[in-house]
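The values are calculated or read from the model by the stated rules, or taken from the named source; none is laboratory data. From a predicted model like this one, the values you see are computed outputs, not experimental measurements. Positions of Cβ are backbone-derived with ideal geometry, glycine not excepted, and every protein chain shown enters the neighbour counts.
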Ligand SMILES: Cc1ncc(C[n+]2csc(CCOP(=O)(O)OP(=O)(O)O)c2C)c(N)n1
């Protein structure tokens, strides 16, 4: 049977696929990554964990006009496969072959020379500032792991993005792993998502109860919703990012392509910096 992947020579080919086809494409990409990396070596787990994120980003955004910045660049194999490098992917990390990291001289879809962790937010913010100075209107999206997020330079980027209030989207790819299990205070803080998920469930239940009250339900629901949003922000990692001037969205399932697509589309209409907290498995 012909693979869906055989029909993809660039991100434009994704746009005509149904959600079901996008979902079926993910294991095909994973198979190519496993087949290749078993021969060449490479960052297999990080890339396997970011396949749906790569599909959703290239489906929603108009790359390479919109700029994608992959932090470290070690998780970008699906991005490479989707952006015209599928047939050369077997040369991964070989002399004269495809680089294991993003590399602008290799493809217009690669925006930065990478390898060094934690730099994507600063790099993306620089692009957003340049875009606004030139009066251009493309989107800038940075994908950063929870491990890379613990470095100082990532916080310099968040700090400055919140301060300048630039339109920039950060996807936090949280698999609770750095090279090994992630450690430290930030990691503990991000694990508030358990509470966050519970809080979101309770919130949805309260909202549908309040809305079901005849006559007063709708008016009351909007007041209750505001109070609940503050509570959710307080209970989730959102508190940290909202405090830095970001809209926080999440936590969402980073392997659910439909949820990723809806969230990315919604966030692309928001003004100012946005952080999408996506939970994945490495
Ligand atoms: C400055 C710097 N320090 C250390 C490394 C080694 N390194 C490679 S990937 C990585 C972090 C990986 O964790 P995460 O960002 O969560 O990505 P994941 O692989 O889990 O998706 C680190 C520390 C590096 N590339 N650059």
Response to the item:
Considering region 113-148, residues that are within 18 Å of the chain's Cα centre (by Cα) and free of Cβ contacts under 8 Å to residues at least 40 places away in the same chain, and then whichever is surrounded by the most Cβ atoms within 10 Å (Cβ to Cβ), we arrive at 147
Worksheet, complete the sentence: Scanning region 35-50 for residues that are within 16 Å of the ligand (Cβ to nearest atom) and without any contact (Cβ under 8 Å) to a residue 40 or more places away in the chain, the one farthest from residue 267 (Cα to Cα) turns out to be 44
Discussion item. Quick test for you: out of 200, 236, pick the one residue that is within 22 Å of residue 145 (Cβ to Cβ), at pLDDT below 75 and surrounded by 11 or more Cβ atoms within 10 Å (Cβ to Cβ).
Written reply: 236
Fill in: Pick from region 1-10, criterion surrounded by 12 or more Cβ atoms within 10 Å (Cβ to Cβ) and either without any contact (Cβ under 8 Å) to a residue 24 or more places away in the chain or assigned to a helix (DSSP H, G or I) (or both), ranking: farthest from the chain's Cα centre (by Cα)
7
Response to the item:
The residue from 103, 80, 67, 86 that alone is surrounded by 15 or more Cβ atoms within 10 Å (Cβ to Cβ), more than 21 Å from residue 6 (Cα to Cα) and in contact with a helix residue (DSSP H, G or I) (Cβ under 9 Å, 6 or more places away or on another chain) is 67
Discussion item. Cβ contacts < 6 Å: first residue farther than 24 Å from residue 67 by Cβ and at pLDDT 95 or above, restricted to region 167-180; second residue within 9 Å of the ligand (Cβ to nearest atom) and outside any strand (DSSP E or B), any location; separation 6+ or different chain. Result?
Written reply: none
